[in-house]
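Notes to accompany the following structure.
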Amino acid sequence: MDHALSSSQRQVPDLPLAGPTDHPVIAMPFHVEIDGRQYKGRGISLVRAEIAGLIDPHMAGLERMAWLVFRFQGFTVGLPVEVRMQETDAARGTAALVFLDPTGEHLPQLRHLVNAWIAGDLVTLGQAIAVRPVAAKPGAGQAARRLPRLRGMLLLLVLTVALVGLVAGKLFQRVFTHRLATPVVAGFDGRTLAATATGQVEFLDPQAKPGEVAYAIRANTGQVLSVAMPCDCRVEVLGFEAGSTVFAGDPVLRVSAPDAGLVATGFVLPEEMLDLARASGVDLRFADGLHVAAGLAPGGIGSAAPGAPVPFRLVPAEPLPADRLGQLAEVTLRYPVPGLIRPLSRLADRVLPAAEASVP
């Protein structure tokens, strides 16, 4: 562990002084770069520096540009100084650098660093220099400074929890829910009268009495096929009119009892049939944001030609109002959730639909 050195611990190295005008050499951390080679600083004053390293004896007496480098926490100070290398000792790996211009542009910065070191404002931390921290007196000011930091930590904690909850909810939604590719439409519960052949609707009468012709289709073969009204009931026309072209199996009319409630009917892609069959619950979301729980009606999956969309029927858990007739709804299937994560399921049911409903 590195320990800070106080000013009382520092000692002036036993280095020779040339005369009474020389400055004392101070042992403080720095290093010197000369011609791309680095040397460790042993001591420094305002007029000379003592270095250690791999000393070339042929450098004795040569003048060079040296970089005095002081490493601080987070930044470095470099001072260029013209020096002459003297007192080289290759065996011990030491030398002295005499500043050719002690009063050059480097002097103010170097004097500030040396004075700060002597005053104890700078301390060593490993290979770096740091400012000595000043202990503040405990009081109301210190508590006031801690309060914003505490608020920031609490805000960060709240944002982190919210982010983790959102990610977990989205992950849960992706694993335990599935959204069907096609919507459903709200209509009265009943049965569908479909086209019996491919051709053109030649006659259509939604007001037909029981036993009367409800619609007739002229097939491509030229034959006219008619369908009688099966009951005295409410009739919905499913998007066709006289003259429309239909294909065999297309729903033409939907008939229901006068007191029938609203259900949701639609078509599911063949590759989604298994998802619909194993769903433990269904969520309907209308265009205005209303969420309604529903379930697959008994025998609610119909039949279709291979590869064609399959009709299905959903029964809402609560009766739908009559003004929902004809409205489209998005279908989300929910799969069984293990007991350990059911609280997350309830959280996703509350938070995610509300967040989606707030998006325009």
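The values are calculated or read from the model by the stated rules, or taken from the named source; none is laboratory data. The structure displayed is predicted, hence computed values, not measured ones. Backbone-built Cβ (ideal geometry, glycine too); neighbour counts: all protein chains shown. Only protein heavy atoms, including side chains, enter the accessible area calculation; ligands, DNA and RNA are left aside. Shrake-Rupley method; radii C 1.70, N 1.55, O 1.52, S 1.80 Å.
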Q. So, of the residues in the range 265-292 that are farther than 14 Å from GLY302 by Cα, hydrophobic (A, V, I, L, M, F, W, C) and touching a residue at least 24 places away in the same chain (Cβ under 8 Å), which turns out to be surrounded by the most Cβ atoms within 10 Å (Cβ to Cβ)?
A. LEU284
Q | Single condition ALA297 does not satisfy, out of (1) out of contact with any His (no Cβ under 7 Å at 6 or more places or on another chain); (2) open to solvent by 40 Å² or more (accessible area, probe 1.4 Å) | A | (2)
Q: Filter the range 46-59 down to residues that are assigned to a loop (DSSP other than H, G, I, E, B) and buried (at least 20 other Cβ atoms within 10 Å of the Cβ), then give me how many there are.
A: 1
Q.
Quick check on the range 13-35: of everything there that is part of a loop (DSSP other than H, G, I, E, B) and within 57 Å of the chain's Cα centre (by Cα), which residue is modelled with the highest pLDDT?
A. PHE30
Q) Take the residues of the range 162-195 that are open to solvent by 80 Å² or more (accessible area, probe 1.4 Å) and outside any strand (DSSP E or B): which is modelled with the highest pLDDT? A) LEU163
Q.
Can you say whether ALA219 is farther than 24 Å from ILE301 by Cβ and surrounded by 15 or more Cβ atoms within 10 Å (Cβ to Cβ), as far as the supplied structure shows?
A. yes
Q) Right, PRO133: under 51 Å from the mean Cα position of the chain (by Cα) and modelled with pLDDT under 90 or not? A) yes
Q: Tell me which of these SER303 doesn't satisfy, since it passes every other one: (1) touching a residue at least 24 places away in the same chain (Cβ under 8 Å); (2) surrounded by fewer than 17 Cβ atoms within 10 Å (Cβ to Cβ).
A: (1)
Q. Looking only at the range 199-251, which residues are in a strand (DSSP E or B) and polar (S, T, N, Q)?
A. GLN200, SER226, THR245
**Q.** Options GLY43, GLY93: the member that is over 19 Å from HIS23 (Cβ atoms), touching a strand residue (DSSP E or B) at 6+ places or on another chain (Cβ under 7 Å) and modelled with pLDDT of 80 or more
**A.** GLY93
Q. Hey, any hits in the range 294-307 for a residue that's modelled with pLDDT of 90 or more and more than 19 Å from ALA195 (Cα to Cα)?
A. yes
**Q.** In the range 318-332, residue least open to solvent (accessible area, probe 1.4 Å) [restricted to those that are of a type in the set (Gly, Ala, Ser) and over 18 Å from LEU180 (Cβ atoms)]
**A.** GLY326
Q: Restrict the check to the range 23-34 and report whether at least one residue is in contact with a helix residue (DSSP H, G or I) (Cβ under 9 Å, 6 or more places away or on another chain), in contact (Cβ under 8 Å) with a residue 24 or more places away in the chain and open to solvent by 40 Å² or more (accessible area, probe 1.4 Å).
A: yes
Q: Restrict the check to the range 36-45 and report whether at least one residue is more than 50 Å from the chain's Cα centre (by Cα), open to solvent by 70 Å² or more (accessible area, probe 1.4 Å) and of a type in the set (Lys, Arg).
A: yes
